[in-house]
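What follows is a set of notes on a single structure, which appears directly below.
The values are calculated or read from the model by the stated rules, or taken from the named source; none is laboratory data. Nothing here was measured: the structure is a model prediction, and the numbers come from that model. Using ideal geometry, Cβ is built from the backbone for each residue, glycine included, and neighbour counts are taken over all protein chains shown.
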Amino acid sequence: MDTTLHRTTLMLWVLVLAAGLVLTAAGTAWAQPPIVSTEVTRFPTESFSDEPTLCQDELYTTTFSKGMAVEHVTYFPETGALHFHEWSHGKIVAVPLDGTGPSYKGNFRFGHSENFRNFERGELQTHTYLNRFVAHGSDGSRAFIKEHEHITFNANGVKTVDFETTRMVCT
């Protein structure tokens, strides 16, 4: 009888130890820090001549320069949550192809962010897009545009906010 009690006690201790190891491993997984990545990029000068500039009908050669972008990602492996943010800004010069009309100098900013409750399942929580462009013409004119888009989903996946605004000023 003494041997049976000893084996039972030993078996209980082995089970308690095994359970403790499993809980310790699970606790370590829960305590894991998020995966974080930040990338800063300077992009080269880029030009294109296939469309009119803001507030004009004629074709322009538009050059973007001194641009910088920051991309930041935070991912939580235990929940699948993902936060993505991208911001960029730079200078812009627009010159008319045919030499008539004003030339423009200005700057731009662009921002985009996404938040996912669970990235693997594609559960989008919020989406935000911001775009701002301001330029001054050689004739004293001004070209301005501001775009803002935002979408939010609640915990049930129902879209609760959805708007898009654009403000354009040509003076």
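Taking SER103 as the residue in question, decide whether it is of a type in the set (Gly, Ala, Ser), surrounded by 15 or more Cβ atoms within 10 Å (Cβ to Cβ) and farther than 20 Å from VAL40 by Cα.
Spelling it out, SER103 is indeed of a type in the set (Gly, Ala, Ser), surrounded by 15 or more Cβ atoms within 10 Å (Cβ to Cβ) and farther than 20 Å from VAL40 by Cα.
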(request) Out of the residues in the stretch 61-80 that are over 20 Å from PHE43 (Cβ atoms) and in contact with a strand residue (DSSP E or B) (Cβ under 6 Å, 6 or more places away or on another chain), state the one that is modelled with the lowest pLDDT. (result) GLY80
(request) Test ASN107 against the stated conditions and say whether it is under 19 Å from CYS55 (Cα atoms), assigned to a strand (DSSP E or B) and within 16 Å of the chain's Cα centre (by Cα). (result) no
(message) When you check THR8 against the structure, is it modelled with pLDDT under 85, over 26 Å from the mean Cα position of the chain (by Cα) and more than 18 Å from ASN131 (Cα to Cα), yes or no?
(response) yes
(request) Among the candidates LEU23, LEU15, single out the residue that is more than 30 Å from PHE116 (Cβ to Cβ), modelled with pLDDT under 55 and of a type outside the set (Ser, Thr, Tyr). (result) LEU15
(message) in contact with a His (Cβ under 9 Å, 6 or more places away or on another chain) and in contact (Cβ under 8 Å) with a residue 40 or more places away in the chain: is that true of ALA135 in this structure?
(response) no
(message) Can you list residue pairs whose Cβ atoms sit under 8 Å apart, with the first residue in the stretch 144-157 being in the same structural domain as ASN118 (by TED's automatic domain parsing) and over 30 Å from VAL169 (Cβ atoms) and the second being acidic (Asp, Glu) and surrounded by 15 or more Cβ atoms within 10 Å (Cβ to Cβ)? Count only pairs 6 or more apart in sequence or on different chains.
(response) PHE153/GLU123; GLY157/GLU123
(message) For the condition out of contact with any Lys or Arg (no Cβ under 8 Å at 6 or more places or on another chain) and free of Cβ contacts under 8 Å to residues at least 12 places away in the same chain, what is the one hit in PRO52, PRO77?
(response) PRO52
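If I go through the stretch 57-88 residue by residue, how many of them are under 25 Å from PHE116 (Cα atoms) and either not in a strand (DSSP E or B) or not hydroxyl-bearing (Ser, Thr, Tyr) (or both)?
17
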(request) Within the stretch 27-48, work out how many residues are modelled with pLDDT under 90 and either closer than 24 Å to ARG117 by Cβ or out of contact with any Gly (no Cβ under 9 Å at 6 or more places or on another chain) (or both). (result) 7
(request) Would you kindly identify the strands (runs of 3 or more DSSP E) lying entirely within the stretch 111-171 that contain at least 3 residues that are loosely packed, with under 12 Cβ neighbours inside 10 Å? (result) 159-170
(request) Output the number of the condition that SER88 fails; it satisfies all remaining conditions of (1) in contact (Cβ under 8 Å) with a residue 12 or more places away in the chain; (2) closer than 22 Å to PHE144 by Cα; (3) surrounded by fewer than 16 Cβ atoms within 10 Å (Cβ to Cβ). (result) (3)
